[in-house]
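**Q** Sharing a structure below in structure tokens format, with a few things to ask.
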Amino acid sequence: MKLQIFTIASVVVITAFSCGTSKKAGSSAEASLTPGDAEVKAIQTKYADVTLQTLNEGYAVYSGPCTKCHGQKNIFSRSEQEWEKAINRMAPKAKITDVQKDALWKYVLAMKAARPNQTK
């Protein structure tokens with residue numbers, strides 16, 4: 001009986017710790033893709049009128065409709081040309097507006113421009 005209680009308690013503890021770790025890992029990965037001042041400055045060299053609000057709208061599309069179907073794609077592993085083709089091809093399927101499509105494009109460019117050495 002004591003062995004059964006110990007086994008059940010061990011499973012509960014292991015499960016609790018593994019779930020807690022996964023949530024933290026996901027949150028930090030998500031946070032690292034959230035645009036900030038560095039991304040705004042980086043994209044403004046090409047598009048001077050871009051604001052943090054625009055980038056947040058792009059992030060909302062990326063983390064919403066895009067991720068819903070495909071999971072989170074690595075922004076940094078694709079070239080700008082590959083992203084442009086993918087966004088143009090997928091926008092009608094995702095049923096996003098032209099404004100959302102533009103915000104998504106600028107979000108991707110901003111992330112890549114602010115972190116040129118990041119590949120993962």
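**Q** Per-residue counts of other Cβ atoms within 10 Å, averaged by peptide: what ranking do you get for 75-81, 63-69, highest first?
**A** Taking the mean over residues of other Cβ atoms within 10 Å, the ranking is 63-69, 75-81.
**Q** Provide Glu84, Glu57, Glu39 in ascending order of the number of other Cβ atoms located within 10 Å of each residue's Cβ, fewest first. Mind showing how you got there, number by number?
**A** Values: Glu84 14, Glu57 19, Glu39 25.
So the residues, fewest neighbours to most, are Glu84, Glu57, Glu39.
**Q** Mean separation of Cα pairs under 8 Å and 6+ residues apart, divided by the residue count of the stretch 34-120: what relative contact order is that in percent?
**A** It rounds to 47 percent for the stretch 34-120.
**Q** Separate question: Fewest Cβ neighbours within 10 Å first, please rank Tyr47, Tyr62, Tyr107 accordingly.
**A** Going from least to most buried by this count: Tyr47, Tyr62, Tyr107.
**Q** Moving on to the next point. Tyr107: net charge of surrounding residues, Cβ under 11 Å, Lys/Arg +1, Asp/Glu -1, itself excluded?
**A** Summing Lys and Arg as +1 and Asp and Glu as -1 gives 0.
All of the numbers you see were taken from the coordinates with simple rules; none came from a lab. Every value quoted in this text rests on a predicted model; they were computed, and no experiment measured them. When we count neighbours, we look across all protein chains shown, and the Cβ atoms used for this are built from the backbone with ideal geometry, even at glycine.
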